[in-house]
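Colleague: Handing you this structure, nothing more for now.
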């Protein structure tokens, strides 16, 4: 899935520290830190206008915007795209499909050239299981976004 993107590079030390801070796990158990550092598939680059997630897609990766800005869209009953919101660096997305194992509920498109950390669902699931505060954050974000979907 993520291999279709423009380019990928491994997360380096600065990026890994940023990921730990953004996930809120910096300074915890060294085993947790090691798990976080082993998780990312890499940092993927997206050109302005590129679709990062496609509504209805079956993939389950979780993304964290690292640089740039992205927009979240969903098709309405009239099949017209509606803007649901924008994403900034540090925002996690793709969590609804990950948490409740359903097709992607919206599309995410790069508003600017951007990059995102891509996490495999299985490894992210291990982190969420072992770090309840992260799982609570994901559930809260997903709940808020699901409520927004009902407002269409």
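The values are calculated or read from the model by the stated rules, or taken from the named source; none is laboratory data. Small disclaimer: the values here were computed from a predicted structure and weren't measured. Don't worry about glycine lacking a Cβ; one is built from the backbone with ideal geometry, like all the others, and counts go over all protein chains shown.
Colleague: Output the residues belonging to region 140-152 that are part of a helix (DSSP H, G or I), touching a strand residue (DSSP E or B) at 6+ places or on another chain (Cβ under 9 Å) and either surrounded by fewer than 16 Cβ atoms within 10 Å (Cβ to Cβ) or at pLDDT below 75 (or both). Talk me through it step by step, then tell me what you get.
Modeller: If we filter region 140-152 for residues that are part of a helix (DSSP H, G or I), which is where we start, we get 140-150.
Filter once more, so that each one left must be touching a strand residue (DSSP E or B) at 6+ places or on another chain (Cβ under 9 Å): 141, 145, 148-149.
Matches in region 140-152: 148, 149.
Colleague: Here is a list: 96, 100. Which entry is surrounded by fewer than 18 Cβ atoms within 10 Å (Cβ to Cβ), in contact (Cβ under 8 Å) with a residue 12 or more places away in the chain and in contact with a helix residue (DSSP H, G or I) (Cβ under 9 Å, 6 or more places away or on another chain)?
Modeller: So the residue among 96, 100 that is surrounded by fewer than 18 Cβ atoms within 10 Å (Cβ to Cβ), in contact (Cβ under 8 Å) with a residue 12 or more places away in the chain and in contact with a helix residue (DSSP H, G or I) (Cβ under 9 Å, 6 or more places away or on another chain) is 100.
Colleague: Among the residues of region 55-71, count how many are surrounded by 14 or more Cβ atoms within 10 Å (Cβ to Cβ), outside any strand (DSSP E or B) and on the phi < 0 side of the Ramachandran plot.
Modeller: Within region 55-71, residues that are surrounded by 14 or more Cβ atoms within 10 Å (Cβ to Cβ), outside any strand (DSSP E or B) and on the phi < 0 side of the Ramachandran plot number 6.
Colleague: Now for a different question. Give me a count of the residues in region 102-129 that are part of a loop (DSSP other than H, G, I, E, B) and at pLDDT below 90. Give the derivation first.
Modeller: Here is the first cut: in region 102-129, the ones part of a loop (DSSP other than H, G, I, E, B) are 102-106, 111-113, 120.
Going one step further and asking which of them are at pLDDT below 90, we end up with 120.
Residues flagged as part of a loop (DSSP other than H, G, I, E, B) and at pLDDT below 90 within region 102-129 amount to 1.
Colleague: Regarding residue 74, is this residue modelled with pLDDT of 85 or more, in contact with a helix residue (DSSP H, G or I) (Cβ under 8 Å, 6 or more places away or on another chain), farther than 19 Å from residue 47 by Cα and assigned to a strand (DSSP E or B)?
Modeller: yes
Colleague: When residue 137 is evaluated against the numbered criteria (1) surrounded by fewer than 18 Cβ atoms within 10 Å (Cβ to Cβ); (2) at pLDDT 85 or above; (3) closer than 21 Å to residue 16 by Cβ, which criterion, by number, is the only one it fails?
Modeller: Evaluating residue 137 over (1) surrounded by fewer than 18 Cβ atoms within 10 Å (Cβ to Cβ); (2) at pLDDT 85 or above; (3) closer than 21 Å to residue 16 by Cβ leaves (2) as the failure.
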